Amino acid sequence: MLNIGFMASYNGSGMVSVLQAIKKGMPVNPTVLICNNKNANAFRNAEEYGLPAYYLSSKTHNNLEELDKVICSTLKKHDVDLLLLSGYMKKLGPETLSEFHNQILNIHPSLLPKYGGKGMYGDHVHAAVLENNEKETGATVHIVTEEYDQGPIINQQKVSLTDHETLESIREKVRQIESHLYVDTLEGIITGKITIPSDPDLS
């Protein structure tokens, strides 16, 4: 059974969807949450499901190298096999990326490789989609590497857009996809329908 870890900065809505699926019988084991925002709702969501949670940030460890080491050791302590970033807004350090090579997933609110990269998150993505009159958008689960949103895509879901979309309507359409995409991805990994590449440079 996969041991699943989570990292979040705010609500951890993707984490909550996974925890709800686990409660309904999905065979993965949640082991830990790390959050860099001490006031995040993710802590309350984790507590509701009895999930151990840690506040680790540049305020608890102002040396980024030390913070990276503590994050990595905390994940190892809880035997994490697969780490899910659930709205985690900081870049992971080299030790964590190396130790959990090909074991860290993120959801991005666009159809990567479109609208990815540094600074492209949340409404910044949706605004770009709207400005460019895209006919579809969606969400993408990808492996986390050293570069923002450049890792191999392992799951993606599309949604059609009309000529009358607004920033708010696009946000809501993508949110509905994101709410279950991690669950779909985990189920695919469990059943063998989704395979995580062995080489992070493969697409």
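Return the long-range amide H neighbours of Ile154 (sequence gap of 5 or more, or a different chain), with a cut-off of under 5 Å between placed amide H atoms.
Val141, His142, Ile143
Using all Cα-Cα distances in the range 107-192, what percent lands in each 5 angstrom bin from 0 up to the longest?
Using 5 Å bins, I get a P(r) of 3, 15, 27, 24, 17, 9, 4, 1 for the range 107-192.
Please report, in debye to the nearest 20, how large the charge dipole of the chain is about its Cα centre when each Lys and Arg carries +1 at its beta carbon and each Asp and Glu carries -1 there. Please list the in-between numbers first.
Numbers: 18 positive and 25 negative charges, 105 e Å.
Using Cβ point charges on Lys, Arg, Asp and Glu, the chain gives about 500 debye.
What longest region of the chain stays clear of GluC sites (Glu not before Pro) that DSSP places outside H, G, I, E and B and that have at most 15 other Cβ atoms within 10 Å?
Working: sites that count: Glu146, Glu147.
Excluding the exposed sites themselves, the longest stretch runs over 1-145.
Project the alpha carbons of the range 1-101 onto their principal axes and report the range along each, largest first, in whole Å.
That gives 40, 28, 18 Å along the principal axes, largest extent first.
Considering amide H positions built from the backbone, and no H for Pro or chain starts, which residues 5 or more places from Ser9, or on another chain, come under 5 Å of its amide H?
Excluding prolines and chain starts, which carry no amide H, the hits are Tyr88, Met89.
Determine, for Ile153, Ile71, the number of other Cβ atoms within 10 Å of each Cβ, and report the residues in order from fewest to most. Provide the component values of the computation, followed by the final result.
On the way: Ile153 16, Ile71 25.
The most exposed by this proxy come first: Ile153, Ile71.
Evaluate the chain: find the radius of gyration of its Cα atoms, find its Kirkwood radius, and give the ratio Rg to Rh.
On the way: Rg = 16.5 Å, Rh = 17.3 Å.
Ratio value, two decimals: 0.95.
Extending each Cα 7 Å along its Cβ direction at Val159 and Ile190, get the distance between those two points in nm, one decimal.
About 2.5 nm, to one decimal.
Taking the alpha-carbon distance from Lys135 and a cut-off under 14 Å, which aspartates and glutamates remain once sequence neighbours fewer than 8 residues away in the same chain are dropped?
By straight Cα distance, Lys135 reaches Asp163, Glu165.
Measuring from a point 7 Å past the Cα of Ser57 along Cα-to-C-beta, which residues in the range 32-49 have an amide N at less than 20 Å?
Counting backbone N atoms under 20 Å from the label point, the list is 32-48.
Provide Asp149, Asp81, Asp163 in ascending order of the number of other Cβ atoms located within 10 Å of each residue's Cβ, fewest first. Could you put the intermediate results ahead of the total?
Details: Asp149 22, Asp81 15, Asp163 6.
Listing Asp149, Asp81, Asp163 from fewest to most nearby Cβ atoms yields Asp163, Asp81, Asp149.
If we count other beta carbons within 10 Å of each Cβ, what is the order of Thr60, Thr74, fewest first? Please list the in-between numbers first.
Numbers: Thr60 13, Thr74 17.
In increasing order of surrounding Cβ atoms, one gets Thr60, Thr74.
Read the figures in this text as sums done on the coordinates, not as results from a lab. Remember, predicted model here, so these are calculated numbers, not experimental data. All Cβ positions, even for glycine, are placed from backbone atoms using ideal geometry, and neighbour counts span all protein chains on display.
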